[in-house]
Each structure stands twice: as C-alpha cells, then as structure tokens.
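Everything on this sheet refers to the single structure shown next.
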C-alpha cells in the first residue's frame, strides 16, 4: 500500500505565519555569534527554499486552505498569552476541530513556569508542553532538576511534553540536548509521555534503542524533510516501533507543505505503519479523541 491520502493527517508541528514571524527567534539572539545573525532564522543554512508567505487578511484561513490541499485534518500550533500569539489562539478557539494548542515551557522560571503551564492548560486548552533545551538562557539539559517540576506537572495534567533532542540547527551549543539524557528522565518519570523532536541526530540509533526500552517514549519527525528521516527510525517503525513514531512537519519555519508531501510517498514505511504514523499514534498519545 502506498502512502494513504484520505485518512485525515495530523501534523504535530505547524504554525500560523504572520506579522510577528520576524520576531519568532528573538529569544535566541543572545546566544548567537555574529555569523548567525544575518539569517532570516537561525537554522536557515540547513534548508533550501524556505517558504515565504504573502500577507493576507486572515492567515488562519490561509493555513487552513494549505492543510486542506494536503489532507491535513488537524495541526498542532504553539499558543501563549502574548499579543503576538493572538492569531494562534484564535485558530485554536475558532477551529478546535482543526488546531491543537501546545505551550512552550521555561524551566528557568521555577514555579512561575509551572503555574504558566497550568494556566495555559486551563484557559487555552493545550494538549502538550514544548521544550527547547538549547534555546533557554541559560541552557537547561534535558535531565536537569529545573525540568523536574514541569515533568511532574505534565504527568498530573496527563499531557505529553515535546522536547528537542540531538544537535540543534541554530549555531549554539547542543550538549544539553544529548539524546542519552532522556534515559534518566524516563527512568525517574515512567508515567511521563515524552516525545522527541527534531531528529535526535547523530544519535538516531540510540533513540531507537530508547524507544524500545521505555513504554512512554515517542519520536516525532519535526524539522526533517521526509527524504532525510533517519534510517534507524524508519527501520524501527517497520519492525517493532509502528506505535512509537509520529508525523510532525516544519511549516513555515523551514519546510513547505508542498515539499514535505512531495517527498513523503518515497519514505520506505511498510503498509501497517502509514496510518499509525500519519494519524493514529497522535490521537492516542495526545488524547485527541477526548
């Protein structure tokens, strides 16, 4: 069976482009050296043909049109309390059948960060927390004690946390995102639903081993064009890991939906993997049927 096109794909990393797009990475600038500051976004050197969106009256309607064109039923977008998140909050509130909210946490904020997560859950209806260890100032390793209150709260709220792991694209140090650090987190928090983001390279084989080891550990394909999905992850999905791998894109940050779905049919997934990868695993992990 080829890649199905009529199952209602769920994209676990998408965003609403808008006037604030130029400021998405302001938080990272204090860490960047001069040679990285001229890029439109910090990892641009890794991507060709970065999508540019013409301004329209309603960016939410624009994104819905693109989703419809590619069979995407639902998409996870980042929401928050600042004004530059208004379009994203509106998307989730006006189209709850199409958009899923996620919230970026900051372990450096201590209990204030935990309270913000609870507020986002109670007022914005988020389905997940998001963490970027290398993007914090100071950086916070995946297994650092500053993360522990947030991990515990995610368990209490029964929501997953999506965490970047592997060498990060922006030219900042990446030791805090070493994939092996996840092993301790899964050991200490066995109930935590932990979703790896952004590839886990060059530790993809290790990621597959950890996925096999820990029941509540998952892997999403965010920030990777399908032709670059790590072989170790595809092989794992095709053997023992069909329930553990979830589709996530990277629009409009670095990849267009056109490019993603032009390449997707060439991924060597077995027949039974496709519906789980594109839809069913996301419903299960993020409880989208509740």
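The values are calculated or read from the model by the stated rules, or taken from the named source; none is laboratory data. Keep in mind that this is a model prediction, so the values were computed, not measured. All Cβ positions, even for glycine, are placed from backbone atoms using ideal geometry, and neighbour counts span all protein chains on display.
For the structure I just gave you, tell me whether residue 190 is part of a loop (DSSP other than H, G, I, E, B) and touching a residue at least 40 places away in the same chain (Cβ under 8 Å). No. Comparison of 158, 183 shows that the only residue that is more than 17 Å from the chain's Cα centre (by Cα), surrounded by fewer than 19 Cβ atoms within 10 Å (Cβ to Cβ) and on the phi > 0 side of the Ramachandran plot is 158.
Only helices (runs of 4 or more DSSP H) whose full extent lies in the range 15-127 are considered here, and the ones with at least 1 residues that are within 17 Å of the chain's Cα centre (by Cα), within 25 Å of residue 154 (Cβ to Cβ) and at pLDDT below 95 are 86-94. Every listed requirement among (1) farther than 28 Å from residue 239 by Cβ; (2) in a loop (DSSP other than H, G, I, E, B); (3) out of contact with any strand residue (DSSP E or B) (no Cβ under 9 Å at 6 or more places or on another chain) is met by residue 140 save one, (3). Of all residue pairs spaced 6 or more apart or on separate chains, those with beta-carbon atoms under 7 Å, a first member in the range 137-151 that is closer than 18 Å to residue 168 by Cβ and a second member that is at pLDDT below 95 are 137/30; 137/31; 139/173. For the range 151-177, the set of residues classified as in contact with a helix residue (DSSP H, G or I) (Cβ under 9 Å, 6 or more places away or on another chain) and in a loop (DSSP other than H, G, I, E, B) consists of 159, 160, 165, 166, 167, 168, 169, 170, 171, 172, 173, 174, listed by residue number. Considering only residues of the range 168-180 that are under 15 Å from residue 31 (Cα atoms) and within 17 Å of the chain's Cα centre (by Cα), which is modelled with the highest pLDDT? Checked the range 168-180; the qualifying residue modelled with the highest pLDDT is 168. Screening residue 196 with (1) outside any strand (DSSP E or B); (2) within 21 Å of residue 133 (Cα to Cα) gives one miss only, at (1). Of the set (1) in contact with a helix residue (DSSP H, G or I) (Cβ under 7 Å, 6 or more places away or on another chain); (2) surrounded by 23 or more Cβ atoms within 10 Å (Cβ to Cβ); (3) farther than 23 Å from residue 216 by Cβ, all apply to residue 88 but (1).
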